[in-house]
Amino acid sequence: MECVLLGTGGMMPMPGRPLTAVAVRTGGAVYLLDCGEGTQVPYKAQHVGMRALRLVAITHLHADHCLGLPGVLMMRSQMEEASPLTIVGPRGIERFTRDVIRDLACRITFRLDFVELEPGERGAGKPLLAYQDELISLRYLPLRHSVFCLGYRLEERMRPGKFSLERARALEIPPGPLYGKLQAGERVTLPGGRVVEPGEVLGPPRRGRHVAFCTDTAPCKNLYHVLRDVDLAFLEGMFLPEHSAEAQAKRHLTVVDSARIAGRSGARETILVHLSPRYDSRQARQVDQVAREVAPNVRRGRECERFEVKLQDR
Ligand SMILES: [Zn+2]
Ligand SMILES: [Zn+2]
């Protein structure tokens, strides 16, 4: 699994600092998390791949998180025979997208499917299912922002357990294709007619990789639930501590809030994103210093940084 951080900005795209969005690539498919104004530019520059794009998940209906949708959809319509695309987001995402397509006479050449998430669902501490396919599950919980906003958690499907050569030999399974079938979770019949279940030679199912994406929120309990024990988290760190009053008023996190929450959540590594446009590169470096003092595995993301997320049992 690879995550490409397409930008780290908040509020508006700035020269050299596109808006925050993450492309997650796994199993040949791409899942895009947020799509602010101009996201198609770094998406193209980083060769993420439009054909593989399967889903776009929008955290909330603020321009810096969804205004890039028309651009991405139009760029994808340049391809021949593009496959359907699913858009997940808060209630209203379908109307917004369809209105823009109609009002601007965009020619979209592929089918759009929508999953709209409702404010009423609270989840009681467990991220709720928004979408799933053969590769991943996308879960969410509401966060606490000035409008309805979702924190996402993308989880790879569980993998079959580890194959035990010892047990296979003890069961007198002939080496070869039967091993592969059992490893893939299939029941096999031995030459003598005896049936072997995959559970007889496989260990317990293994966890896939988990990535969280949470931006635009005041501190809240659900953040911990979404971030809990993920392999990689992208979390807003919009304000330096001197602007904490503004962070509170606008329902955002300061770098100290983010680092503290990330540190307590059990996330293995946390990348801070959605930096206020007022901060120049010198102040952006301060983000790293402030975060490091609170939690060692939290730091600021860099434009177009790529992250290889490793399986925990490898
Ligand atoms: Zn924002
Ligand atoms: Zn916002």
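No lab work stands behind these numbers, since they all come straight from the coordinates. Just so we're clear, the structure is a prediction, and the values are computed from it rather than from any experiment. All Cβ positions, even for glycine, are placed from backbone atoms using ideal geometry, and neighbour counts span all protein chains on display.
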Once you list every other residue whose beta carbon is under 14 Å from the beta carbon of Val294, what net charge do they have if Lys and Arg are +1 and Asp and Glu are -1?
+2
Under 10 Å, Cα contacts only: if you run a Gaussian network model on the chain, which one of Ala245, Ala184, Ala21 comes out with the highest mean-square fluctuation?
Ala184
Counting other beta carbons within 10 Å of each residue's own, what order do Arg157, Arg285 fall into, fewest first?
Arg285, Arg157
Leading residue at positive end of dipole, the chain (Cβ point charges), from Pro90, Val230, Ala130
Val230
If one computes the Cα centroid of region 223-239 and of region 188-206, what distance in Å separates the two points?
39
If Lys and Arg each add +1 and Asp and Glu each add -1, what is the summed charge of the other residues whose beta carbon sits under 15 Å from the beta carbon of Glu200?
+2
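How far, in nm, would the chain grow between Glu186 and Glu80 when pulled straight, counting 0.36 nm per residue and subtracting the alpha carbon separation?
Stretched out fully, the Glu186 to Glu80 stretch lengthens by 34.5 nm.
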Candidates Ser258, Ser164, Ser83; GNM for the chain (alpha-carbon contacts under 10 Å) flags as most fluctuating Ser164
Add +1 for every Lys or Arg and -1 for every Asp or Glu among the other residues with Cβ under 9 Å from the Cβ of Glu155, and state the total.
+4
Would you work out if region 1-132 is rounded, prolate or oblate? Take a ≥ b ≥ c from the square roots of the eigenvalues of the alpha-carbon gyration tensor; rounded if a/c is under 1.5, else prolate when a/b is larger than b/c, oblate otherwise.
rounded
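From largest to smallest, what semi-axes in whole angstrom does the chain give when each is the square root of 5 times an eigenvalue of its alpha carbon gyration tensor? Don't skip to the end; give the middle numbers.
Values: eigenvalues 285, 123, 60 Å².
After diagonalising the Cα gyration tensor, the semi-axes are 38, 25, 17 Å.
Which FRET efficiency value, to the nearest 0.05, do you get for Gln289 and Lys44 by plugging their Cβ-Cβ distance into 1/(1 + (r/R0)^6) with R0 = 30 Å? Working shown, then result.
Values: r = 33 Å, r/R0 = 1.11.
The computed FRET efficiency comes out at 0.35.
Which percent, nearest 5, of DSSP beta bridges in the chain are antiparallel? It would help to have the intermediate numbers written out before the result.
On the way: 33 of 60 bridges.
Of the beta bridges lying entirely in the chain, close to 55 percent run antiparallel.
In nm, what is the difference between 0.36 nm times the number of residues separating Arg207 and Glu269 and their Cα-Cα distance?
20.6 nm
If you keep only loop residues by DSSP, which trypsin sites (Lys or Arg not before Pro) in region 1-108 have at most 10 other Cβ atoms within 10 Å of their Cβ? Working shown, then result.
Working: sites: Arg25, Lys44, Arg51, Arg54, Arg76, Arg91, Arg95, Arg98, Arg102, Arg107; in loops: Arg51, Arg91, Arg107.
Those that pass, being in a loop and sparsely packed, are Arg107.
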DSSP-loop GluC sites (Glu not before Pro) across region 1-104, with at most 13 other Cβ within 10 angstrom
Glu80, Glu81
Among Phe148, Phe163, Phe96, whose mean-square fluctuation peaks in a Gaussian network model of the chain (Cα, cutoff 10 Å)?
Phe163
Give, in nm to one decimal, the length gained when the segment between Glu200 and Glu166 is fully stretched (0.36 nm per residue of separation minus the Cα-Cα distance).
11.1 nm
What percent does the relative contact order of the chain come to when contacts are Cα pairs within less than 8 Å and at least six residues apart?
17
